[in-house]
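Some notes on the structure that comes next.
The values are calculated or read from the model by the stated rules, or taken from the named source; none is laboratory data. Being a predicted model, the structure only gives us computed values, none of them experimental. Here the Cβ positions follow ideal geometry from the backbone for every residue, glycine too, while neighbour counts run over all protein chains shown.
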């Protein structure tokens, strides 16, 4: 897969005006930022552009070899997903915080007694809760979690580029990987960090092979 003419033009715009916001890039095309969201996701996930919150996009100076990009584009979520960490909806917020830091993860998936996904508990959810100063030992996570259907999921056969696009578009850190035959059954998870590590490792391997 090769970069489109619009993506190449976006790189040139960033080179000339960096740091530049997504809205400012969109103005150069006379389009909305939402229209360019997928293009921006591709350029950042492949390392051509770097995005910094409240600052904008930068050109990294990197290049993507066509064969390497084609290889990465077709990698399936199933190849790099990791086991999910799930807790029952009756678990207290206090226990959830303990679990979150014990396993050093950014979010927890919440299930019911039937082992079905019913919510996601993120650090943002916990931060909002802490501001309210309620009793964490007595409050179940079901009270503060993000509930279905407001949870973005993905299936194992989707590409990691699609996963990265969803993470960027919805400004979230994790995607539950669900069983296509049973949409409420979580079989894994994929995160921004996992995708970033994958791309870095693939880039290093490609660099080593070129010597």
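Taking only pairs six or more apart or across chains, which ones have beta-carbon atoms under 7 Å, a first residue in the stretch 91-107 that is assigned to a helix (DSSP H, G or I), and a second residue that is loosely packed, with under 14 Cβ neighbours inside 10 Å?
Every condition considered, the pairs that remain are 94/137.
Which residues, counting only those in the stretch 59-76, are touching a helix residue (DSSP H, G or I) at 6+ places or on another chain (Cβ under 7 Å) and at pLDDT 85 or above?
59, 75
Can you tell me which residue within the stretch 154-178, out of those that are under 10 Å from the mean Cα position of the chain (by Cα) and in a loop (DSSP other than H, G, I, E, B), is nearest to residue 39 (Cα to Cα)?
Going through the qualifying residues, I end up with 171.
For the condition at pLDDT 80 or above, on the phi < 0 side of the Ramachandran plot, under 19 Å from the mean Cα position of the chain (by Cα) and in a strand (DSSP E or B), what is the one hit in 39, 50?
50
Listed here are the residues, each with its yes/no results for (1) surrounded by 19 or more Cβ atoms within 10 Å (Cβ to Cβ); (2) assigned by TED's automatic domain parsing to the domain that holds residue 87; (3) modelled with pLDDT of 90 or more.
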| position | (1), (2), (3) |
| --- | --- |
| 150 | no, yes, no |
| 157 | no, yes, yes |
| 181 | no, yes, yes |
| 186 | yes, yes, yes |
| 201 | no, no, no |
| 205 | no, no, no |
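Please find, among 130, 168, the residue that is out of contact with any strand residue (DSSP E or B) (no Cβ under 9 Å at 6 or more places or on another chain), in the same structural domain as residue 85 (by TED's automatic domain parsing) and either without any contact (Cβ under 8 Å) to a residue 12 or more places away in the chain or closer than 20 Å to residue 40 by Cβ (or both).
Just a single option satisfies the conditions, and that option is 130.
Given (1) assigned to a helix (DSSP H, G or I); (2) at pLDDT below 90; (3) surrounded by 12 or more Cβ atoms within 10 Å (Cβ to Cβ), where does residue 131 come up short, assuming only one miss?
(3)
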